[in-house]
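First the structure, in the form of structure tokens, and then the observations on it.
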Amino acid sequence: MPSIDPAPVKIDFTKYFSKESTGRKRSQLKELKPYSEIPGMISFGVGIPHPSTWPVNGMTLSVPFAGKSVYIPGHESRSPEDMLPLAPYSDPVKGDHLFPDLAGELQYSATYGTPHLLGWIKEHIQRVHAPPYQDWVNLCTAGNTDGVDAVMRAVFDRGDYMLVEEFAYPGLLSPAATLGIKCLGVPLDTEGLVPEALDEILTQWDEKERGGPRPKMLVLVPTCSNPAGVTIPVQRKREIYSVCRKWDVLICEDDPYCFLQIRPDGANSPIVPSFLSVDTDGRVIRVDSFSKIVAPGSRLGWITGHQTLVEKIMNTRESATQCPSGFSIAAIAAILRAWGSHEGFEKKYIPHISDIYAKRCLLMIDLLKKHVPSATIELPEPSGGMFLWVRLKIESHPSFPSEDAEVISKRVFKAMIDEKVLMAPSEFFKAPSISTWTKEEEAKRNFVRISFSLPPPEQMEEGCRRMGRALAKEWKL
Ligand SMILES: Cc1ncc(COP(=O)(O)O)c(C=O)c1O
């Protein structure tokens, strides 16, 4: 046997990588991280939930001593008297989907999920969205990142086109690029995706010119969108839906912020109806998550759609995650139960969460009005969620049009970093586009995404002050 030379051999790992891992694109938002580590930086850059909205004060795990098994009646196990501490146990109540069922939750389940949580999800979807067709089913996922990834893998081949919003979530654009899917942005206005623009793209589609068939699916974020913060009104949704029906395009609604929309009258303000609730054909795949309403670390969500589509999507999960995390299901079921199931969830808990973000959103608007010169920015009509999509008035910047809008907006970003305030520039979210804009129109499509979900109010105010200073300097005010 040859001995091993102790001098390490340098391995060229690149030759081992598959096309998928070599082509993997990371989200541009990751580029903000080094800036966020600069001491004293106030970050409005990333949108992460506020921990005060996580409905958990602590967790108790009842762990039997070594050599003893958990007491689950009906299964071979020791008597509860052998265990310390004692886990309270009572028999499930018939029809209570949320009753703890550790024997089922911690077992391998069907890839779709455990029957009791699926039972709760089905009732929830029926109560909130009431899909107007019969054959819809649910599939548990590890959250919306996982859900949308599974949808894309089930629908697209490499080289296919996918329709997205003009400014789209990088967590959609990057994995799509990795899978070899070509994204095409559809223009947005203040009510979200513009149906006429969608129709025009599909009408004008020329397979030869585009190098591929008409897109099969549109993926969008319908509520408090990321990045644009827009909630698409139901009438606009119907218009988008009929264009998709005309061209036989599927719709994937990635809706993690559904319950974070501003509801001025709490539970009495109805939520804006979803695409699923107007879906008579079964062409909508709705993707929901517990990330923004329980906690991102729960890694649990679900998909709703026509059973034929969902079965295909399920197949991609079967070979990846096998089934959802039983620990997560056990925790979420316990939380939903503690809130009082559907009634408590809809009438008390959800309005409470949206109120926390609504207050932060309205405070941020007030602070921007107070500290940032109105000659430099245009504020949006807020709809809730975690983001404000603030337009930079590049068209009135002193160097425009002699300098390009892109150059100016990069300098504005740098000026804000120098003042130690961080936000995400719109170029991070820009999807490839076939729309043509004049120089003036292009200048008007420059934004920053300001996240108001996490910083304390004093930092929100100081951050806006810094932003105001940076922009006043840039605009020479
Ligand atoms: C539009 C959008 N989709 C998906 C996600 C990720 O959701 P999840 O934590 O459920 O994977 C986010 C936010 O993080 C998002 O903004």
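See the values below:
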item: Stretchable slack from A472 to M1, in nm (0.36 nm times residue separation minus alpha-carbon distance); result: 162.3 nm
item: Kirkwood hydrodynamic radius (C-alpha pairs) into Stokes-Einstein, the chain, 25 °C and 0.890 mPa s, D in µm²/s; result: 100
item: Rounded, prolate or oblate (a/c below 1.5 giving rounded, otherwise prolate when a/b exceeds b/c) for the stretch 376-441 by Cα gyration tensor; result: oblate
item: Net +/- balance of residues flanking L29 in space, Cβ distance below 14 Å, scoring K and R +1, D and E -1; result: +4
item: Contour minus Cα-Cα distance for Y133 and R158 (0.36 nm per residue); result: 5.8 nm
item: Within-11-Å neighbourhood charge of T145 [Cβ basis; K, R +1; D, E -1]; result: -2
item: Binned Cα-Cα distance frequencies in the stretch 98-204 - 5 Å width, integer %; result: 2, 9, 15, 14, 16, 17, 13, 7, 4, 2, 1, 0
item: Set of lysines near K246 by C-alpha distance (under 30 Å), chain-local residues within fewer than 8 positions excluded; result: K122, K182, K208, K216, K237, K312, K430
item: Principal axis dimensions, the stretch 97-149 - Cα atoms, whole angstrom, descending; result: 35, 28, 17
item: Only Lys, Arg (+1) and Asp, Glu (-1) charged, at Cβ; the stretch 102-341 dipole about Cα centre in debye; result: 480
item: Charge-dipole axis of the stretch 265-415 as Lys and Arg at +1 and Asp and Glu at -1 on Cβ define it, positive-most pick from S319, G344, V372; result: V372
item: Label-to-label distance, nm, for residues given as E406 and N57 (7 Å Cα→Cβ offset); result: 5.5
item: Computed [θ] at 222 nm, helices only, for the chain once each DSSP H run of length n ≥ 4 contributes -39500 (n - 2.57); result: -10000 deg cm²/dmol
item: Label point at S27 placed 7 Å out along Cα→Cβ; residues across the stretch 270-286 whose backbone nitrogen lies under 11 Å; result: none
item: Options L220, G147, V294, ranked by Cα towards positive dipole end of the stretch 102-341, top entry (Cβ charges); result: V294
item: Coarse-grained scattering of the stretch 102-341 at q = 0.11 Å⁻¹, given as base-10 log I(q)/I(0) from a Debye sum over alpha-carbon atoms; result: -0.55
item: Quarter of Cα convex hull surface for the stretch 160-265, i.e. mean projection, nm²; result: 6.8
item: Length gained when the stretch K15-S374 is fully extended (0.36 nm per residue, less Cα-Cα span); result: 123.9 nm
item: Compactness of the stretch 311-469, expressed as Rg and Dmax over alpha-carbon positions, Å; result: 21.2, 61
item: Surrounding net charge for R214, when Lys and Arg each add one and Asp and Glu each subtract one, Cβ distance under 15 Å; result: -1
item: Only Lys, Arg (+1) and Asp, Glu (-1) charged, at Cβ; the stretch 348-477 dipole about Cα centre in debye; result: 260
item: Helix axis angle, 350-371 relative to the chain longest principal axis, alpha carbon, degrees; result: 20
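Where a number appears in this text, it was derived from the coordinates with a stated rule and is not lab data. Please read these numbers as outputs of a predicted model, since none were measured by experiment. With ideal geometry, Cβ positions are generated from the backbone for all residues, glycine too; neighbour counts draw on all protein chains shown.
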